1. Do we find that A:Val194 is exposed (fewer than 13 other Cβ atoms within 10 Å of the Cβ) and either assigned to a helix (DSSP H, G or I) or hydrophobic (A, V, I, L, M, F, W, C) (or both) in this structure?
2. I'd like to verify a number: residues in the range B:174-195 that are facing another protein chain (nearest Cβ under 9 Å), out of contact with any helix residue (DSSP H, G or I) (no Cβ under 7 Å at 6 or more places or on another chain) and more than 21 Å from A:Val64 (Cα to Cα), how many?
3. Looking at A:Ser58, A:Ser146, which is the one that is touching a Leu at 6+ places or on another chain (Cβ under 6 Å) and modelled with pLDDT under 90?
4. Would you confirm whether any residue within the range B:51-66 is within 14 Å of another protein chain (Cβ to nearest Cβ), within 19 Å of B:Ser29 (Cα to Cα) and part of a helix (DSSP H, G or I)?
5. All but one of (1) surrounded by fewer than 15 Cβ atoms within 10 Å (Cβ to Cβ); (2) more than 23 Å from the chain's Cα centre (by Cα) hold for A:Ile88; which doesn't?
6. What are the residue pairs meeting all of these: first residue in the range A:7-32, first residue part of a helix (DSSP H, G or I), second residue charged (D, E, K, R), Cβ atoms under 6 Å, and 6 or more apart or on different chains?
7. Out of B:Leu19, B:Leu97, B:Leu46, report the one residue that is part of a helix (DSSP H, G or I) and in contact (Cβ under 8 Å) with a residue 40 or more places away in the chain.
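The values are calculated or read from the model by the stated rules, or taken from the named source; none is laboratory data. All values reported here derive from a predicted model rather than from experimental measurement. Methodologically, a virtual Cβ is constructed for each residue, glycine included, from the backbone with ideal geometry; neighbour enumeration extends over all protein chains shown.
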Amino acid sequence: MSGYTFYWSLVWDAWPELLSGVRLTIEITCLSVLFGTLLAMPLSVARQNGRGVAGKFSAAWIEVARNTPTLFQVYMMYFGVGALGINISSFASVLIALTFNNAGYLAEIFRGGLVAVPPQQLRAARSLGMSQWQAYRTVIFPQVFSHVFPAFINQAVWALLNSSLGMLIGLRELTGAANAAQSVSFRSFEFFLVTAGIYYLLAKAIEFGSRIVFRRALRT
Amino acid sequence: MQFILADQGFHWSDAQFLLIGALHTLLVSVLAGGIGTCGGIVLGWLRHVSTGIRVVTTPYVDITRSIPLLIQLILVNSALSMSGNAFSTFWLSIIVLSSSMTVVTSEVVRGSLGSVPYAYIRAARSLGMGYFQTLFHISAPLALRTGLSAWIGLLLGLTRDTALVSVVGYVEFMKSAQILISRTNETLPLLLGVGLFYFVICYPVSRYSAHLQRGIAS
């Protein structure tokens, strides 16, 4: 490093902005994982049963979400939808794009879990008088979750990392906030090193936090 | 005098421009994929056999997997600029993407090697095979069967991630499409074209990988 002096105090001065970025990042991550999970459950069942419009629809959703860059999905929600004359905020764009992305990946993860649950269980639940909905909600999916939880946590971390794409469409989430703050002083290395550290802590928090939540939820 | 702008619509030269962008995307994917795979096999094997190396390399693996690629690109970009050496955005992209590919591949390799039943290795050793003979003739082929489709998935993930290097200024497919969007304002067709491009590359390969996986499982 030839003659470069680090100025960390600039980063601490911008701390409030970074913190509000952290809040936005956490919001986007949690909401996109939550909505993604809710969408992924019916998608995975439809994909597994395979036939009809629902099967085709979920297959298309999953393949597009998994085979195109997340960056493309974010641009599509912002610039692409914008070109149609529908202007949505960058927050909504990132949230919708990441939800779409998470739902696709999680549906494929859940499908792996659905295969692992013996088909007799659904039939047994149905013959006990449960509706399809009840059977999936109370019998099948609790088992699916316990099968796939490492992959699920991985996907949640991916959602966190992908939320950084918000910067590219002007959202002030953690990366965007760091980018905006560094553009005043051009101390990009200092700002992004601190940002990287925060992402690391957030990723670890997701890993340990969800492990505790899952252990609680699946103990019964 | 009236000021007349040059024709802002599509020209034939734009097709060539996009084609070069597409080739850049493929070049980055193949080169970073190749380097990352070789690195990942070595790192994964070392992490499998040696507890010491596993402990030492864990921070690298852990940190690379927990920080957005976007930030890794920006950080390496700033660090290289601060060091005062000239470098191209192409090599910057290769460095960051191969590092990320190395890490994810090493985890697949480690997992696959760990999944080889220990009885097979003992049997091979007791037949008089050396360590490397066992590794190359027994462990590696079995690990390949376990890890192949995961590795293909990683390679496709890498190809999709190359879209991110447009941020540090390397003109690959995404960036060339963006440049054309800025000029022509034809946002939707160009963006859909970008999506289709990645889909056409990734979808057949992922289908083939699923097909291979079924063949191995049965």
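1. For A:Val194, the condition - exposed (fewer than 13 other Cβ atoms within 10 Å of the Cβ) and either assigned to a helix (DSSP H, G or I) or hydrophobic (A, V, I, L, M, F, W, C) (or both) - is not met.
2. Residues in the range B:174-195 being facing another protein chain (nearest Cβ under 9 Å), out of contact with any helix residue (DSSP H, G or I) (no Cβ under 7 Å at 6 or more places or on another chain) and more than 21 Å from A:Val64 (Cα to Cα): 2 in total.
3. Of A:Ser58, A:Ser146, the one residue that is touching a Leu at 6+ places or on another chain (Cβ under 6 Å) and modelled with pLDDT under 90 is A:Ser146.
4. Scanning the range B:51-66, I find at least one residue that is within 14 Å of another protein chain (Cβ to nearest Cβ), within 19 Å of B:Ser29 (Cα to Cα) and part of a helix (DSSP H, G or I), so the answer is yes.
5. Tallying (1) surrounded by fewer than 15 Cβ atoms within 10 Å (Cβ to Cβ); (2) more than 23 Å from the chain's Cα centre (by Cα), A:Ile88 fails exactly one: (2).
6. Once the first residue is part of a helix (DSSP H, G or I) and sits in the range A:7-32, its partners that are charged (D, E, K, R) give A:Leu10/A:Arg187; A:Val11/A:Glu190; A:Gly21/A:Arg172; A:Gly21/A:Glu173; A:Leu24/A:Glu173; A:Thr25/A:Glu173.
7. B:Leu97
Residue-wise test of (1) within 20 Å of A:Pro69 (Cβ to Cβ); (2) touching a Ser or Thr at 6+ places or on another chain (Cβ under 9 Å).
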{"site": "A:Ile96", "(1), (2)": "yes, yes"}
{"site": "A:Trp133", "(1), (2)": "no, no"}
{"site": "A:Phe141", "(1), (2)": "no, no"}
{"site": "A:Val157", "(1), (2)": "yes, yes"}
{"site": "A:Leu161", "(1), (2)": "yes, yes"}
{"site": "A:Gly176", "(1), (2)": "yes, yes"}
{"site": "A:Leu193", "(1), (2)": "no, yes"}
{"site": "A:Tyr200", "(1), (2)": "no, yes"}
